[in-house]
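Worksheet: the structure to be examined is printed underneath.
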């Protein structure tokens, strides 16, 4: 067994089921090893699609996905979505090919400092010393990635380690996630805050936004009168009718300050206090009001389920019942498309248990609050802010949950970063609906131009860097070229019908929403 076979065999032993790959010459032995029936290999036409798809898969499965990337430039192409995954505490194992050791001495064109590229965005980095160490290296990489709350591992695979003889491969135990509970002192402090009756906001993130932890948060709200919310961007939320509803702290500084005004206490669960996404002239970075105290209940690497249960017990709320979101009116909207009618169409058309991946920026910021009463669904959002996120993440999430429809909402500017994801969706027959909001401009940048006080209005040169209408992107032609059926809509009625039709299809579909 060579080193590449040992690596793939160990990945599968450790519970890794998928590898999103964009291979090159140095990875040919790894490519051959992917014939292993215990792992699914998925070809992506750009490394940013591979890393984003691994992110989406891991968010839905709760365990590491792997990627295969070609040397330093391949890793560099994938770093933006590795950044997004790291900010969301998503488990990922990146395997990066490298020249054989003897070849590095000749400074070949693709030579680079791969460890130097990987280290800022990885929690664990190692270059395999040889084929004999690969199994142990791989097991350690998976264990590091699987540790709570989810981490990024990068294993660098030199060519000679890949094709060299690995000998008999030792079997290593699968990773067992061990998570510590928060300290009783933090629980007692939070209990005193809730007993005080002063206005309190509990901000949830990570695992606290799904499953039993979310229900416990709802009980806390019932028994104490606190409000419960998330940051504007959250890794994954289970929401919709019959679930506990979380408020959402607004993205923009002024609305966020208004939302938080009046709170005397903020209790955090797997997150920090609210911070502005960017620094703006004459605007604060920290968004809490003066005099508001922040209390950490559960750190990012602690057990939110244990912490919320301990707090509920401490305030005598064991018999509390969480209030659940009622089903909203699902009447098909009519007329023009705008953030409200877009939300109403989504609410009317989304099937039960769909996955909604949101990178709609200017359109979706207003829409998402109006879909709280839709049928039960999951939302996934971009916590890292690096653009070109949602089409790849939707691809991975869909592959992880083939029995559920995945709906990807993205602006036309953002979609162009990683539109190659459509090809992988078509190749794999994935049930993904991609909704592209086409206004032919980076509208968010027009807003930020004003927010940054860069001038009274963008001049001709500035506008030429913001508008993307010369030439106008033909999204239907783009989809056709990659094997994805498409439709263009201009009214709320047609938009609703298109979503419903896409959800009845077996494979992917693209909906271009024309905004004027």
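In the chain, helices alone account for a calculated mean residue ellipticity at 222 nm of -10500 deg cm²/dmol, with every DSSP H run of four or more residues adding -39,500 (n - 2.57). Most tightly packed first, judged by the mean number of other beta-carbon atoms within 10 Å of their residues, the peptides 426-436, 20-30 read 426-436, 20-30.
Radius of gyration over Kirkwood radius for segment 3-163, both on Cα atoms: the Rg/Rh ratio is 0.93. Histogrammed with a bin width of 10 Å, the alpha carbon distances of segment 190-255 distribute as 21, 50, 27, 2 percent, first bin at zero. The order of 140, 448, going from fewest to most other C-beta atoms within 10 Å of their C-beta, is 448, 140.
Where both bridge residues fall in the chain, DSSP classifies roughly 10% of the beta bridges as antiparallel. Shape of segment 283-354 from the C-alpha gyration tensor: oblate (a/c of 1.5 or more and a/b not above b/c, with a ≥ b ≥ c the square roots of its eigenvalues). Can you pull a Stokes-Einstein diffusion coefficient for segment 440-516 at 20 °C (1.002 mPa s), Rh from Kirkwood over Cα pairs, as a whole number of µm²/s? Roughly 145 µm²/s, to the nearest whole number.
Residue order for 386, 464, 100, 89, fewest other beta carbons within 10 angstrom first, comes to 464, 100, 386, 89.
Inter-label distance, residue 450 to residue 43: 4.7 nm, where each label sits 7 Å from its Cα along the C-beta direction.
DSSP finds beta bridges in segment 339-514, and of those with both partners inside it, around 5 percent are antiparallel. The packing ranking, built from the mean of other Cβ atoms within 10 Å per residue, places the peptides 303-314, 141-152 in the order 141-152, 303-314, highest first.
Quick check on packing: order 250-261, 212-223 by the mean number of other C-beta atoms within 10 Å, highest mean leading.
Values: 250-261: 15.9, 212-223: 20.9.
Most protected by this proxy first, the peptides run 212-223, 250-261.
Considering all alpha-carbon pairs of segment 184-314, what whole percent are spaced by more than 18 angstrom? Here the tail beyond 18 Å accounts for 50 percent of pairs. Using the Stokes-Einstein relation with a Kirkwood hydrodynamic radius computed over Cα pairs, the translational diffusion coefficient of the chain at 10 °C and a viscosity of 1.306 mPa s comes to 66 µm²/s.
When 290, 113 are arranged by Cβ crowding within 10 Å, least crowded first, meaning fewest neighbours, the order is 290, 113.
Volume per residue of the convex hull around the Cα atoms, evaluated for segment 339-514, comes out as 113 Å³.
Values quoted throughout were computed directly from the atomic coordinates according to the rules given, and no laboratory measurement underlies them. Note that the structure is a prediction, hence the values are computed from the model and not measured. With ideal geometry, Cβ positions are generated from the backbone for all residues, glycine too; neighbour counts draw on all protein chains shown.
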